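The values are calculated or read from the model by the stated rules, or taken from the named source; none is laboratory data. Being a predicted model, the structure only gives us computed values, none of them experimental. All Cβ positions, glycine included, derive from the backbone under ideal geometry; neighbour counts span all protein chains shown.
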Amino acid sequence: MAYAALTRIYMSAILGFAALCGWHLSHGGLAHWKIALVFVSQCCVFASGFALNDLLDKDRDGSVACKPIPTRKLTYAQALRAMLLLCIVGLVTSASLGSVPLGLACGQLVVVYFYSRIKMWSGLGANLATAGLCASSFVFGATVGHGLRGALVPAVLTLEFTVAREVVKDILDQEPDSVAGVPTIPLRYGSRFSARLVALLVISVALTSMLPGVRVAYGAGYTVLMLSVNVILAASTIALLRDSGQHTAGKFLNASAAAFPLALVAFLM
(Lines give C-alpha, C1' and ligand atoms only; values in the text may rest on other atoms or scores of the structure.)
Protein backbone atom coordinates (compact mmCIF):
# COMPACT_ATOMS: atom_id res chain seq x y z
CA MET A 1 0.00 0.00 0.00
CA ALA A 2 2.85 2.38 0.82
CA TYR A 3 4.37 1.92 -2.65
CA ALA A 4 0.99 2.44 -4.34
CA ALA A 5 0.36 5.59 -2.29
CA LEU A 6 3.82 6.99 -3.07
CA THR A 7 3.30 6.29 -6.77
CA ARG A 8 0.01 8.20 -6.75
CA ILE A 9 1.55 11.13 -4.85
CA TYR A 10 4.47 11.22 -7.29
CA MET A 11 2.21 11.12 -10.36
CA SER A 12 -0.12 13.79 -8.94
CA ALA A 13 2.85 16.06 -8.19
CA ILE A 14 4.34 15.52 -11.66
CA LEU A 15 1.04 16.41 -13.33
CA GLY A 16 0.79 19.47 -11.09
CA PHE A 17 4.23 20.53 -12.34
CA ALA A 18 3.05 19.86 -15.90
CA ALA A 19 0.28 22.41 -15.30
CA LEU A 20 2.89 24.90 -14.07
CA CYS A 21 4.87 24.18 -17.22
CA GLY A 22 1.79 24.93 -19.36
CA TRP A 23 1.27 28.21 -17.51
CA HIS A 24 4.96 29.15 -17.92
CA LEU A 25 4.85 28.45 -21.69
CA SER A 26 1.74 30.62 -22.05
CA HIS A 27 3.79 33.60 -20.80
CA GLY A 28 0.96 34.42 -18.43
CA GLY A 29 1.38 36.71 -15.45
CA LEU A 30 -0.07 35.66 -12.10
CA ALA A 31 0.36 36.49 -8.43
CA HIS A 32 2.47 33.92 -6.59
CA TRP A 33 -0.51 32.55 -4.69
CA LYS A 34 -2.37 31.92 -7.95
CA ILE A 35 0.63 30.07 -9.38
CA ALA A 36 0.50 27.83 -6.30
CA LEU A 37 -3.22 27.24 -6.96
CA VAL A 38 -2.42 25.97 -10.47
CA PHE A 39 -0.22 23.29 -8.91
CA VAL A 40 -2.56 22.45 -6.02
CA SER A 41 -5.67 22.23 -8.21
CA GLN A 42 -4.15 19.72 -10.64
CA CYS A 43 -2.51 17.69 -7.87
CA CYS A 44 -5.85 17.33 -6.08
CA VAL A 45 -7.87 16.67 -9.22
CA PHE A 46 -5.57 13.85 -10.31
CA ALA A 47 -5.21 12.44 -6.79
CA SER A 48 -9.00 12.33 -6.53
CA GLY A 49 -9.08 10.70 -9.97
CA PHE A 50 -6.72 7.95 -8.78
CA ALA A 51 -8.92 7.41 -5.72
CA LEU A 52 -12.07 7.37 -7.88
CA ASN A 53 -10.53 4.75 -10.15
CA ASP A 54 -9.68 2.57 -7.14
CA LEU A 55 -13.27 2.88 -5.89
CA LEU A 56 -14.76 1.97 -9.27
CA ASP A 57 -12.33 -0.95 -9.73
CA LYS A 58 -12.51 -2.39 -6.21
CA ASP A 59 -14.16 -5.63 -7.42
CA ARG A 60 -11.91 -6.11 -10.46
CA ASP A 61 -8.77 -5.40 -8.41
CA GLY A 62 -9.44 -8.16 -5.91
CA SER A 63 -6.35 -10.15 -6.96
CA VAL A 64 -3.96 -7.17 -7.12
CA ALA A 65 -1.76 -7.16 -4.01
CA CYS A 66 -0.86 -3.45 -4.13
CA LYS A 67 -4.45 -2.19 -4.25
CA PRO A 68 -5.51 -0.81 -0.83
CA ILE A 69 -9.28 -1.45 -0.91
CA PRO A 70 -9.35 -5.15 -1.91
CA THR A 71 -6.56 -5.93 0.58
CA ARG A 72 -8.53 -4.13 3.35
CA LYS A 73 -5.65 -1.75 4.09
CA LEU A 74 -8.12 1.02 3.34
CA THR A 75 -11.88 0.75 3.73
CA TYR A 76 -14.28 1.78 1.00
CA ALA A 77 -15.63 4.57 3.24
CA GLN A 78 -12.14 5.94 3.94
CA ALA A 79 -11.27 5.92 0.24
CA LEU A 80 -14.57 7.61 -0.62
CA ARG A 81 -14.00 10.39 1.94
CA ALA A 82 -10.45 10.96 0.68
CA MET A 83 -11.68 11.08 -2.92
CA LEU A 84 -14.45 13.57 -2.13
CA LEU A 85 -12.13 15.83 -0.10
CA LEU A 86 -9.49 15.89 -2.85
CA CYS A 87 -12.18 16.45 -5.48
CA ILE A 88 -13.69 19.41 -3.59
CA VAL A 89 -10.28 21.03 -3.02
CA GLY A 90 -9.32 20.50 -6.65
CA LEU A 91 -12.56 21.94 -8.04
CA VAL A 92 -12.65 24.89 -5.62
CA THR A 93 -9.08 25.88 -6.43
CA SER A 94 -9.77 25.43 -10.15
CA ALA A 95 -12.86 27.66 -9.85
CA SER A 96 -10.74 30.35 -8.19
CA LEU A 97 -8.63 30.43 -11.37
CA GLY A 98 -11.58 30.97 -13.70
CA SER A 99 -14.50 29.26 -15.41
CA VAL A 100 -12.36 27.63 -18.15
CA PRO A 101 -9.95 25.92 -15.69
CA LEU A 102 -12.98 24.75 -13.69
CA GLY A 103 -14.54 23.29 -16.83
CA LEU A 104 -11.30 21.51 -17.69
CA ALA A 105 -10.99 20.09 -14.16
CA CYS A 106 -14.57 18.76 -14.35
CA GLY A 107 -13.79 17.28 -17.76
CA GLN A 108 -10.71 15.53 -16.35
CA LEU A 109 -12.82 13.86 -13.66
CA VAL A 110 -15.41 12.79 -16.22
CA VAL A 111 -12.68 11.19 -18.35
CA VAL A 112 -11.39 9.32 -15.28
CA TYR A 113 -14.89 7.91 -14.75
CA PHE A 114 -15.28 6.81 -18.36
CA TYR A 115 -11.74 5.41 -18.38
CA SER A 116 -12.78 2.91 -15.74
CA ARG A 117 -15.83 1.96 -17.84
CA ILE A 118 -14.23 1.66 -21.29
CA LYS A 119 -11.09 -0.25 -20.35
CA MET A 120 -13.09 -3.48 -20.04
CA TRP A 121 -13.86 -3.41 -23.75
CA SER A 122 -11.11 -1.26 -25.22
CA GLY A 123 -7.58 -1.44 -23.88
CA LEU A 124 -6.36 1.02 -26.50
CA GLY A 125 -9.23 3.39 -25.68
CA ALA A 126 -8.21 3.34 -22.03
CA ASN A 127 -4.59 4.03 -23.01
CA LEU A 128 -5.64 7.03 -25.10
CA ALA A 129 -7.86 8.32 -22.26
CA THR A 130 -4.91 8.16 -19.85
CA ALA A 131 -2.65 9.93 -22.34
CA GLY A 132 -5.26 12.62 -22.91
CA LEU A 133 -5.58 13.20 -19.17
CA CYS A 134 -1.83 13.63 -18.76
CA ALA A 135 -1.62 16.00 -21.73
CA SER A 136 -4.54 18.01 -20.39
CA SER A 137 -2.41 19.26 -17.48
CA PHE A 138 -0.38 21.40 -19.88
CA VAL A 139 -3.59 22.73 -21.40
CA PHE A 140 -4.98 23.50 -17.93
CA GLY A 141 -1.96 25.62 -17.02
CA ALA A 142 -1.93 27.33 -20.41
CA THR A 143 -5.59 28.37 -20.15
CA VAL A 144 -4.85 30.01 -16.80
CA GLY A 145 -2.13 31.99 -18.59
CA HIS A 146 -4.49 32.71 -21.51
CA GLY A 147 -2.26 31.28 -24.23
CA LEU A 148 -2.43 27.70 -25.58
CA ARG A 149 0.16 27.85 -28.34
CA GLY A 150 3.25 27.25 -26.22
CA ALA A 151 1.69 24.23 -24.51
CA LEU A 152 0.77 22.35 -27.69
CA VAL A 153 4.17 20.71 -28.26
CA PRO A 154 4.53 19.33 -24.70
CA ALA A 155 0.90 18.16 -24.87
CA VAL A 156 1.59 16.22 -28.11
CA LEU A 157 4.82 14.78 -26.70
CA THR A 158 2.95 13.70 -23.57
CA LEU A 159 0.28 11.96 -25.66
CA GLU A 160 2.92 9.96 -27.56
CA PHE A 161 4.98 9.23 -24.48
CA THR A 162 2.05 8.21 -22.27
CA VAL A 163 0.52 5.81 -24.81
CA ALA A 164 3.93 4.09 -25.04
CA ARG A 165 4.14 3.87 -21.25
CA GLU A 166 0.60 2.51 -20.95
CA VAL A 167 1.33 -0.24 -23.49
CA VAL A 168 4.41 -1.23 -21.45
CA LYS A 169 2.25 -1.34 -18.31
CA ASP A 170 -0.12 -3.63 -20.21
CA ILE A 171 2.82 -5.94 -20.98
CA LEU A 172 3.47 -6.11 -17.23
CA ASP A 173 -0.19 -6.65 -16.34
CA GLN A 174 -1.06 -9.40 -18.81
CA GLU A 175 -1.95 -11.99 -16.18
CA PRO A 176 -4.45 -9.89 -14.15
CA ASP A 177 -5.81 -8.32 -17.36
CA SER A 178 -6.37 -11.79 -18.83
CA VAL A 179 -8.26 -12.89 -15.70
CA ALA A 180 -10.35 -9.70 -15.76
CA GLY A 181 -11.00 -9.99 -19.50
CA VAL A 182 -9.44 -6.62 -20.42
CA PRO A 183 -8.60 -6.66 -24.17
CA THR A 184 -5.22 -4.93 -24.02
CA ILE A 185 -2.84 -4.71 -26.98
CA PRO A 186 -0.35 -7.31 -25.57
CA LEU A 187 -3.19 -9.80 -24.98
CA ARG A 188 -4.58 -9.25 -28.48
CA TYR A 189 -1.37 -9.09 -30.49
CA GLY A 190 1.39 -10.36 -28.20
CA SER A 191 4.27 -8.82 -26.26
CA ARG A 192 6.62 -8.67 -29.25
CA PHE A 193 4.17 -6.64 -31.34
CA SER A 194 3.53 -4.39 -28.34
CA ALA A 195 7.26 -3.78 -27.85
CA ARG A 196 7.58 -2.77 -31.51
CA LEU A 197 4.64 -0.40 -31.14
CA VAL A 198 6.38 1.18 -28.15
CA ALA A 199 9.53 1.59 -30.25
CA LEU A 200 7.54 3.41 -32.95
CA LEU A 201 6.00 5.72 -30.35
CA VAL A 202 9.41 6.50 -28.83
CA ILE A 203 10.70 7.33 -32.33
CA SER A 204 7.73 9.66 -32.79
CA VAL A 205 8.60 11.35 -29.47
CA ALA A 206 12.18 11.87 -30.67
CA LEU A 207 11.07 13.25 -34.04
CA THR A 208 8.53 15.62 -32.49
CA SER A 209 10.93 16.91 -29.85
CA MET A 210 13.74 17.58 -32.33
CA LEU A 211 11.80 19.32 -35.12
CA PRO A 212 13.77 22.44 -36.19
CA GLY A 213 10.95 24.86 -35.35
CA VAL A 214 10.50 23.30 -31.92
CA ARG A 215 14.22 23.55 -31.11
CA VAL A 216 14.28 27.22 -32.07
CA ALA A 217 11.10 28.04 -30.14
CA TYR A 218 12.19 26.43 -26.87
CA GLY A 219 15.91 27.20 -26.86
CA ALA A 220 19.28 25.49 -26.34
CA GLY A 221 18.49 24.18 -22.85
CA TYR A 222 15.47 22.41 -24.25
CA THR A 223 17.58 20.77 -26.95
CA VAL A 224 20.20 19.43 -24.51
CA LEU A 225 17.69 18.03 -22.02
CA MET A 226 15.41 16.55 -24.67
CA LEU A 227 18.41 14.77 -26.15
CA SER A 228 19.00 13.29 -22.69
CA VAL A 229 15.37 12.24 -22.46
CA ASN A 230 15.51 10.60 -25.88
CA VAL A 231 18.69 8.71 -24.99
CA ILE A 232 16.99 7.33 -21.85
CA LEU A 233 13.91 6.31 -23.81
CA ALA A 234 15.92 4.82 -26.69
CA ALA A 235 18.08 2.71 -24.37
CA SER A 236 15.11 1.38 -22.43
CA THR A 237 13.21 0.67 -25.68
CA ILE A 238 16.11 -1.34 -27.11
CA ALA A 239 16.15 -3.39 -23.92
CA LEU A 240 12.39 -3.88 -24.20
CA LEU A 241 12.66 -5.07 -27.82
CA ARG A 242 15.35 -7.57 -26.88
CA ASP A 243 13.25 -9.02 -24.07
CA SER A 244 9.63 -7.90 -23.86
CA GLY A 245 9.08 -9.76 -20.58
CA GLN A 246 8.12 -8.31 -17.23
CA HIS A 247 11.67 -7.66 -16.00
CA THR A 248 12.58 -5.41 -18.93
CA ALA A 249 9.14 -3.79 -19.00
CA GLY A 250 9.64 -2.75 -15.40
CA LYS A 251 12.99 -1.18 -16.29
CA PHE A 252 11.31 0.75 -19.11
CA LEU A 253 8.75 2.16 -16.68
CA ASN A 254 11.52 3.22 -14.27
CA ALA A 255 13.45 4.90 -17.10
CA SER A 256 10.36 6.68 -18.39
CA ALA A 257 9.52 7.86 -14.87
CA ALA A 258 12.94 9.56 -14.82
CA ALA A 259 12.59 10.92 -18.36
CA PHE A 260 9.31 12.79 -17.90
CA PRO A 261 10.55 15.16 -15.13
CA LEU A 262 13.62 15.87 -17.28
CA ALA A 263 11.32 16.88 -20.12
CA LEU A 264 9.40 19.19 -17.80
CA VAL A 265 12.66 20.84 -16.73
CA ALA A 266 13.51 21.35 -20.41
CA PHE A 267 10.27 23.23 -21.03
CA LEU A 268 10.61 25.29 -17.85
CA MET A 269 14.05 26.59 -18.80
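Number of residues in region 247-269 that are surrounded by 14 or more Cβ atoms within 10 Å (Cβ to Cβ) and over 21 Å from Ala13 (Cβ atoms) equals 5. Just give me the residues in region 112-151 being aliphatic (A, V, I, L, M), farther than 21 Å from Lys34 by Cβ, more than 13 Å from the chain's Cα centre (by Cα) and in a helix (DSSP H, G or I), in sequence order. Within region 112-151, Ile118, Leu124 meet the criteria. Can you find a residue in region 88-105 that is farther than 24 Å from Gly145 by Cβ, at pLDDT 90 or above, touching a helix residue (DSSP H, G or I) at 6+ places or on another chain (Cβ under 9 Å) and assigned to a helix (DSSP H, G or I)? Within region 88-105, one or more residues are farther than 24 Å from Gly145 by Cβ, at pLDDT 90 or above, touching a helix residue (DSSP H, G or I) at 6+ places or on another chain (Cβ under 9 Å) and assigned to a helix (DSSP H, G or I). In this entry, Ala135 passes the filter for residues that are under 22 Å from Thr184 (Cα atoms), buried (at least 19 other Cβ atoms within 10 Å of the Cβ) and either touching a residue at least 24 places away in the same chain (Cβ under 8 Å) or assigned by TED's automatic domain parsing to the domain that holds Ala266 (or both).
In region 165-181, how many residues are closer than 17 Å to Asp243 by Cβ and not acidic (Asp, Glu)? Number of matching residues: 6.
Annotation for region 178-196: at least one member residue is at positive phi and modelled with pLDDT of 85 or more. No other residue among Val163, Val205, Val229, Val214 is in contact (Cβ under 8 Å) with a residue 24 or more places away in the chain, within 28 Å of Phe39 (Cα to Cα) and touching a Phe, Trp or Tyr at 6+ places or on another chain (Cβ under 7 Å) apart from Val205.
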